[in-house]
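Before any comments, here is the structure.
What follows draws every value from the coordinates through simple rules; no lab data is involved. All values reported here derive from a predicted model rather than from experimental measurement. Ideal geometry is used to build each Cβ from the backbone, glycine not excepted, and the neighbour counts take in all protein chains shown.
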């Protein structure tokens, strides 16, 4: 109860501040974004250390690329384009209503709440905050309880650089997070699992709070017959074992012609050995975040082994039982009923599924969503240079996004919206899409006393209805 009252008090404080300044200028917004960039840039080493502490071991390069650089890049891009995004947009007016004029104004919503997961604790908390601040809103962030060191650092740094009326961080446990989701925000963004996303959506519905959900979606990677296996294996290996697979964007399973599976396995092994020559002992290989997730992944692998799946560890060295790291491992042709095919993996297991041909791969992706009532992928990866095959993927499948001949890096393109479709999420953000997501597009019509519509009034005449009809 005390937590709920404290949260409500924070919300009330931001609401009052927003009411006093409901449409901050571009200069004010850019200055807020500059402060966010300053704290991220100047405290880079502290951020790296805090995230490494939470994970047990987090590859420094991964934290720099996926947590710090991506936020700084988004801030730079947003500050550069903000004035253009804020300009009213002209809208067409039917000739019958001229000389009236119409336009769209982008109006801040008010107070935006953000609930972030632990997989990328800095990036997934602050990147939506960039868009929300750019749109002129006040922002409250609930970071993950699974990353206490990062959450504490974020709260301390933001409290030093921002007033609580502008931007604040409210760390707490899962129950605290439930109270946060139940607040009557003007918009609420949640990133995380579909299970928790449903709970957040129910809590938000009680207040009719608009929501953006960025969920999972078991993103497939299709390797077509014309794909270079070595290239495909390297890019899939990078996307899968970056952050040890703990990413909603990680390739979840691979679909490839069954005759090419043996060669693909060897290509993956070569890629993994090149990336991590010391195996899981490599400083570039990240640990699993938290004991519960570690146990869940072990149970998932044990179930696949018990059901007769071929399990292929790509790191042959023995991993200590107490080690928080789990090795890159392939699961060959798992059946649909296994947890590894029903749940988002978020770990270093990679199912490799042999299919008859490219058409069978497309059918597999579509059947999972349409026939088996599963989620559409958050991201679909496809390795092919054939323009016709690429077009078939774009027209025959649904996903939050598509990447050809690579993985992961679409999230580093600020101009591309990021979000899912169906059960993989609702709404998107990043760049101008994020600015619009956290704004109200207000319709404005300015009429003239000389407009033809001024004559449109009872008593209704037949000629009048014909004139103004379609």
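Under 8 Å for C-alpha pairs, at least 6 residues apart: give me the relative contact order for the chain, rounded to a whole percent.
Reported as a whole number, the value is 19 percent.
Antiparallel DSSP bridges in the stretch 220-419: what percent, to the nearest 5?
About 15 percent, rounded to the nearest 5.
Can you figure out the FRET efficiency of residue 207 with residue 228, using R₀ = 60 Å and their beta-carbon distance, to the nearest 0.05?
In this case the efficiency is close to 0.70.
How big is D for the stretch 220-419, in µm² s⁻¹ as a whole number, if Stokes-Einstein is applied with the Kirkwood radius of its Cα pairs at 37 °C and 0.692 mPa s?
Rounded, D is 192 µm²/s.
Output the antiparallel fraction of DSSP beta bridges having both residues in the chain, as a percent to the nearest 5.
35
Given R₀ = 51 Å, FRET efficiency for residue 17-residue 274 by Cβ-Cβ distance, to 0.05?
The pair residue 17/residue 274 has a calculated efficiency of 0.45.
Would you calculate a helix-derived [θ] at 222 nm for the chain, using -39,500 (n - 2.57) for each DSSP H run of n ≥ 4 and dividing by the full residue count, to the nearest 500?
-13000 deg cm²/dmol
Can you tell me the 0 to 90 degree angle between the C-alpha axis of helix 2-20 and the longest principal axis of the chain, rounded to 10?
Between the helix axis and the principal axis of the chain, the angle is about 40 degrees.
Mind pulling the angle between the C-alpha long axis of helix 148-161 and the longest principal axis of the chain? Nearest 10 degrees, somewhere in 0 to 90.
30
Need the C-alpha centroid separation for the stretch 203-248 versus the stretch 346-370, integer Å.
13
With a Förster radius of 22 Å, plug the Cβ-Cβ distance of residue 395 and residue 360 into 1/(1 + (r/R0)^6) and report the FRET value to the nearest 0.05.
For residue 395 and residue 360, the calculated efficiency is 0.80.
Packing-wise, with mean Cβ within 10 Å as the measure, how do 278-287, 17-26, 242-251, 150-159 rank, highest first?
Taking the mean over residues of other Cβ atoms within 10 Å, the ranking is 242-251, 150-159, 278-287, 17-26.
So for the stretch 220-419, averaging the separation of alpha carbon pairs under 8 Å that are six or more residues apart and normalising by length, what relative contact order in percent results?
Answer for the stretch 220-419 is 29 percent.
On a 0 to 90 degree scale, rounded to 10, what angle separates helix 229-241 from the longest Cα axis of the chain?
For helix 229-241, the angle is close to 70 degrees.
Where does each of 340-346, 160-166 land if you order them by average Cβ count within 10 Å, highest first?
340-346, 160-166
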